[in-house]
Amino acid sequence: APSHYISNCYTIDFGKFARATNLIPRLYPLLIQQNGAFLQITGDNLNDLEIPGKNFTFHTLLMAQALGDGQALRSRGLPFLQIHLKDRTNGIEKIIAVLQEIVSSKKN
């Protein structure tokens, strides 16, 4: 769909990244027309697991995928912000509180 048909595009994928969730085709109009802004939230894992036969863990793999997705967006000159949470529970609670404050201030 051309961007003039898209007023807002919100995509939330928990624990997944663009290549794994088929996100890129959904964002294709925004990527082609260079009119998207992207926020990526990542976080530390409390329990990390080794990948059998590899010299890295699942956390390392997930962070590499997230960095690659961000790099792909930035290479297209699109606005991109990554927030990395050291404490996921408290971090998400703070993000939600800030977003609620922004939304309520827009209503007034």
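The values are calculated or read from the model by the stated rules, or taken from the named source; none is laboratory data. Fair warning: this is a prediction, and the values are worked out from it, not measured in the lab. In this analysis, Cβ positions are derived from the backbone assuming ideal geometry, glycine residues included, and neighbour counts consider all displayed protein chains. When the accessible area is computed, the model is the full protein with side chains, heavy atoms only, and any ligands, DNA or RNA have been set aside. Shrake-Rupley method; radii C 1.70, N 1.55, O 1.52, S 1.80 Å.
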| query | How about region 20-44: which of its residues are modelled with pLDDT of 85 or more, of a type outside the set (Gly, Ala, Ser) and open to solvent by less than 50 Å² (accessible area, probe 1.4 Å)? | reply | GLN40, THR42, ASP44
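Tell me, yes or no, whether region 66-83 has at least one residue that is modelled with pLDDT under 80 and of a type outside the set (D, E, K, R). Steps first, answer last, please.
Taking region 66-83 and keeping what is modelled with pLDDT under 80, we get none.
No - not one qualifying residue is present in region 66-83.
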| task | Check off (1) open to solvent by 60 Å² or more (accessible area, probe 1.4 Å); (2) assigned to a helix (DSSP H, G or I) for LYS54 and give me the number that stays unchecked. | result | (2)
| remark: When every residue in region 63-104 that is in a loop (DSSP other than H, G, I, E, B) and open to solvent by 90 Å² or more (accessible area, probe 1.4 Å) is compared, the one nearest to PHE38 (Cα to Cα) is ARG76
| field | Pair list, Cβ under 6 Å, 6 or more apart: region 57-72 residue on the phi < 0 side of the Ramachandran plot, other residue in a helix (DSSP H, G or I) and open to solvent by less than 40 Å² (accessible area, probe 1.4 Å) | value | ASP69/ALA18
| query | Looking only at region 77-95, which residues are farther than 15 Å from THR42 by Cα and not small (Gly, Ala, Ser)? | reply | LEU78, PRO79
